[in-house]
Each structure stands twice: as C-alpha cells, then as structure tokens.
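*Asks:* Here it is: the structure, laid out below.
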Amino acid sequence: MDIEQLFLKRQSTREYSAKSVSDEDLKEICRLATLAPSAVNSQPYKLFAVNGERAKEFAKNVQVLGSNKWASACPAFIVIQKGNPAIVERLGQRILKTEFLPIDVGILSAYIVLAAENMGIQTCILGMRDEKGIAKFLGLDEKAQFPLVIAVGYAPEDYPVREKKRRPLDEIFKAVK
Ligand SMILES: Cc1cc2nc3c(=O)[nH]c(=O)nc-3n(C[C@H](O)[C@H](O)[C@H](O)COP(=O)(O)O)c2cc1C
C-alpha cells in the first residue's frame, strides 16, 4: 500500500467483527515488527500473541478503571513485555539521562500497527492495562512489566475510516535555515 494511504487508513479501532485472526497472521505481524530499530539494536522486549478464547479471558487486563469496554469483543491481543536494555544502552542512558526503552517500545508498537494494517488487520494501541494481571495471566513474575498492549482484529465492514485530527504542521514543523 502507498505509505500515506497506509498512515491514513491505520486508526485506533474500537469495534471488532466476529472474524478471528489467524495465529500465523499474528506471528507474521510480530515478525515484521521485529524489523523495527532500537537503541544500540538491543531490542529490549518480548512479544506475546493472545488469541481466541484466551483473548476473551485476557480482555479484563486492558479494562482498568472502566476503560476499553469494547476490548471484550476483540479477538486477539499482542502484549509487549519490557526486557532488559543492553549494557551499552544502560551506560548511554546514565550519561545522556535518556531512557531509550520506552522509545524502543513506541517504535515497535508503531511497526506492529502499520504491519497489521498493511495486512488488512486493524489494531488499537492500549496504554490502559493491569500489568500485575497480565503477568499472572502469562504465568510470569509479578514484577514483569508490560508497557503496551495492542488490540488486534477486523473492524466491521461499515466501520468508518475517520478523518485524522492532527495539530497543524506549522505548529510542529520548522525548516531550519
Ligand atoms: C501510548 C498509547 C496509549 C494508548 N492507549 C489507549 C487506550 O488505552 N485506549 C484506547 O482506546 N486508545 C488508546 N490509544 C490510542 C490513541 O487514543 C489514538 O492513537 C489517538 O487518539 C489518535 O487516533 P488514531 O490512532 O485513530 O489515529 C493509545 C495510543 C498510544 C500511542
């Protein structure tokens, strides 16, 4: 797909049809996303695909404080687990006082949603999540961290592609002469 069309079509989808997502497609989305850049190429994350019946059980973990009610109908989720940054990255962080890991995770999630949309699959990045609940669900240590979850599925046929509401470019962009 033309890149602008892809960017315009990708949107946070908060309604899903009953169509299920295949395990192969979830894995392919994750494979493509691992091509994302990361600081010193440390790739400080793991990805979990939660599909089908397990996704129904999982949904409550992204419905904290009454949020994301629509997620109950979402057929699949991709969970990003925070890993350990490489030593060089940690040193860089100490010197530069910049935490690269959330940046790496953000880039990864952008790759996930764009790769999915390019495959005709819709998504929504979810920051509202219960990390302890997710750790328990995945059978991991309760200290495990999950900075983002991505809802994955197919929008209903009549789900509109919304016009993008973005700040004017002049507010954001300046050509330096
Ligand atoms: C880090 C992050 C966390 C987000 N968390 C949620 C969330 O918990 N629930 C939700 O419905 N949307 C969530 N969103 C989606 C944003 O609301 C959405 O990207 C933004 O409004 C722009 O709309 P668009 O994605 O349709 O272009 C999140 C997006 C990001 C990048």
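Rule-based calculations on the coordinates, nothing more; no lab input. Owing to the predicted nature of the structure, the values given are computational and were not obtained by experimental measurement. Every residue, glycine as well, gets a Cβ built from its backbone with ideal geometry; the counts of neighbours run over all protein chains shown.
*Asks:* Let me spell out the model: positive unit charges on the Cβ of Lys and Arg, negative unit charges on the Cβ of Asp and Glu, origin at the Cα centre of the stretch 8-67. What dipole size does that give, in debye rounded to 20?
*Replies:* Around 180 debye, computed over the stretch 8-67.
*Asks:* Where does the charge balance sit around residue 136 when Lys and Arg score +1, Asp and Glu -1, over other residues with C-beta under 15 Å from its C-beta?
*Replies:* Surrounding charge for residue 136 is 0.
*Asks:* Now, a different point. Between 112, 80, 41, whose Cα lies farthest towards the positive end of the dipole of the stretch 1-148 when Lys and Arg beta carbons carry +1 and Asp and Glu beta carbons carry -1, centred on the Cα centre?
*Replies:* With unit charges placed on the Cβ atoms, the residue in question is 80.
*Asks:* Please report the net charge: other residues with Cβ closer than 14 Å to the Cβ of residue 57, K and R +1, D and E -1.
*Replies:* Working: positive: 54, 56, 60, 136; negative: 53, 130.
With Lys, Arg at +1 and Asp, Glu at -1, the neighbours total +2.
*Asks:* Over the chain, calculate the relative contact order: mean separation of alpha carbon pairs under 8 Å at least 6 apart, over the residue count, as a percent.
*Replies:* Worked out over the chain, it gives 32 percent.
*Asks:* Additional query: Less than 12 Å Cβ to Cβ from residue 14, Lys/Arg counted +1 and Asp/Glu -1: what total charge do the surrounding residues give? Mind showing how you got there, number by number?
*Replies:* Numbers: positive: 69, 162; negative: 15.
Neighbour charge sum, excluding residue 14 itself: +1.
*Asks:* Summing -39500 (n - 2.57) over the DSSP H runs of n ≥ 4 in the chain and dividing by its residue number, what mean residue ellipticity at 222 nm do you reach, to the nearest 500 deg cm²/dmol?
*Replies:* Details: 7 runs with 65 residues, N = 177.
Mean residue ellipticity at 222 nm (helix-derived): -10500 deg cm²/dmol.
*Asks:* How many lysine pairs does the stretch 3-172 hold where the Cα atoms are under 14 Å apart and the two sit 8 or more places apart or on different chains?
*Replies:* 12
*Asks:* Tell me, 96, 108, 6 in order of fewest to most beta-carbon neighbours within 10 Å?
*Replies:* On the way: 96 9, 108 25, 6 13.
So the residues, fewest neighbours to most, are 96, 6, 108.
*Asks:* Then there's this: Treating the beta-carbon of each Lys and Arg as +1 and of each Asp and Glu as -1, no other charges, what is the dipole magnitude of the chain about its Cα centre, to the nearest 20 debye?
*Replies:* 620 debye
*Asks:* To continue, here is another question. How big is the Kirkwood radius of the stretch 3-172, worked out from every pair of different alpha carbons and given in Å to one decimal?
*Replies:* Taking the inverse mean of 1/r over all distinct Cα pairs, the stretch 3-172 comes out at 16.9 Å.
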